[in-house]
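Structure first, commentary second.
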Amino acid sequence: MSAGETAEEDLRALFGQSIAVFASLVGPTHVVETANPAFFATIGEERARTGVPIAELMPELAGQGFVALLDEVYRTGEPYTGRDARVVLGTGPHAREAFFDFTYEPRRDASGTVTGIRVIGVETTQVKHAQRLMAEHRAMLEQIARQAPLAEVLDGMARCIENLAPEQVLVSVLLADPDGRHLRHGAAPSLPEFYNQAIDGIATGEGVGSCGTAAHRREPVIVTDIANDPFWDDFRDLAERAGLAACWSMPIMARDGSLLGTFAMYHRTPRVPQDADLALARVFADTAALAIERHHVEQAKTAAEARAKAAHEELAKAVRAERQLRAEAEQRATAAAELADRMRAAAAAQAARPHPEHCQLGGDQGCAAPAKIKIADSWGDAAWGCEAHVEEAILNVRSVFIASEELGGLAAYLNR
């Protein structure tokens, strides 16, 4: 065994149980000669085989630049190192975004000719996602702390997740009605407006799409293929018009266990969520719960303040009305007292004047009936009469009335 072969065996042994990714490629087509378990776990155990070119084993690398880099290292013999390089692994529903620190190192024979390339890498996906997630999450918490409007917080959260997600994702947040039976539009910046309008107000219940079912069950509902899932029977045409093929929905729960809404991640192609996708959804569902609860607290506080202000205004209005009524009552009492004084004075003045014995309203024939009632008109003319003639005068003569303060009658009464 040559020194080069011995060194290669040593590398294989070193990386055999390592979490670092290791693969040894040979020839200009970069045939996978050997690889450690971490490499196959990274690309998918179903593709764990050797003796095939890397481009055939991992066709998704086409167009991502990695095969071209291998060609360059093989041609020049110069190693290449990448930091936090982004790569999409897999295709279709199982595709995922990953990040790596890696090195392409040329392999040489005894004469120094490049015969292959060693690939050594460490996946940094979790670290990369965690860093981005922490930064975005901190910004959202600051928004909530400064009491930004709920619509602004939810819209920002949706856009943040759409930027963080490895594949294209469209985020929707629906808010639960107070009775928890219907879901209202909260935020969905990338979904078509006709779609948002159509699902605004949907009922919560078993089989009502992903979100209605998640709200009803109070647990996540993962629909990886809308076209073939019975939960979407009533909404399949709508989803097709909107270009939606998968929907993962998670309920947003309050600390007391009540439903606040749902958080959904839509995809343009059928997709199975990865652990990182579900972790991202949980983090932001919890953050949405914080924002919504804070909004409810602010709403309750505003409503309480409005009620207190209204009660204060009503009390002030009642106090003003009571003061006005009291003033009017005092005015009426004063006027009544003045009137009583005038009536007493009038009675005293009249008492000093002679009172006719017989009715003065009998006309030419006269009337021998006793004079009992005095009547007067608005010009101050007055006369005493019996009950019959006084009634006749009141019925037939305008402006005649029993002596009182109306129309100057009291003044006429005093002056007669």
Taking the stated definitions as given, is ALA346 open to solvent by less than 50 Å² (accessible area, probe 1.4 Å) and modelled with pLDDT under 75?
yes
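Just to check your reading of the model, which residue among ALA281, ALA318, ALA310, ALA304 is surrounded by 10 or more Cβ atoms within 10 Å (Cβ to Cβ), in contact with a Phe, Trp or Tyr (Cβ under 9 Å, 6 or more places away or on another chain) and in a helix (DSSP H, G or I)?
From the options ALA281, ALA318, ALA310, ALA304, the qualifying one is ALA281.
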Filter the stretch 142-196 for residues that are more than 20 Å from HIS267 (Cβ to Cβ) and small (Gly, Ala, Ser); the one that is farthest from the chain's Cα centre (by Cα) is ALA145
So VAL122, is it in contact (Cβ under 8 Å) with a residue 24 or more places away in the chain, surrounded by fewer than 16 Cβ atoms within 10 Å (Cβ to Cβ) and part of a strand (DSSP E or B)
yes
Just need a number here: residues in the stretch 217-254 that are among the acidic types (Asp, Glu) and without any contact (Cβ under 8 Å) to a residue 24 or more places away in the chain.
3
Within the stretch 72-81, can one find any residue that is assigned to a strand (DSSP E or B) and within 30 Å of PHE40 (Cα to Cα)?
yes
So, GLU105, is that one touching a residue at least 12 places away in the same chain (Cβ under 8 Å), assigned to a strand (DSSP E or B), touching a Lys or Arg at 6+ places or on another chain (Cβ under 8 Å) and under 25 Å from ASN163 (Cβ atoms) or not?
no
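So that you can scan it fast, the table gives a plain yes or no per residue for (1) more than 30 Å from ALA148 (Cβ to Cβ); (2) modelled with pLDDT of 80 or more:
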{"residue": "ASP286", "(1), (2)": "no, yes"}
{"residue": "ALA300", "(1), (2)": "no, no"}
{"residue": "LYS309", "(1), (2)": "no, yes"}
{"residue": "GLU314", "(1), (2)": "yes, yes"}
Candidates ALA68, ALA55, filtered to the one that is open to solvent by 40 Å² or more (accessible area, probe 1.4 Å), out of contact with any helix residue (DSSP H, G or I) (no Cβ under 6 Å at 6 or more places or on another chain), over 21 Å from HIS129 (Cβ atoms) and assigned to a helix (DSSP H, G or I)
ALA68
Regarding ALA376, is this residue touching a strand residue (DSSP E or B) at 6+ places or on another chain (Cβ under 9 Å), at pLDDT below 80 and closer than 30 Å to MET140 by Cα?
no
Within the group ALA151, ALA145, which residue is out of contact with any strand residue (DSSP E or B) (no Cβ under 8 Å at 6 or more places or on another chain), of a type in the set (Gly, Ala, Ser) and loosely packed, with under 15 Cβ neighbours inside 10 Å?
ALA145
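The values are calculated or read from the model by the stated rules, or taken from the named source; none is laboratory data. Everything numeric here is computed off the predicted structure, so don't read it as measured data. Note: ideal-geometry Cβ built from the backbone for every residue, glycine included; neighbour counts use all protein chains shown. Ligands, DNA and RNA are stripped out before the accessible areas are found, and what is left, the full protein with its side chains, is counted by its heavy atoms. Shrake-Rupley method; radii C 1.70, N 1.55, O 1.52, S 1.80 Å.
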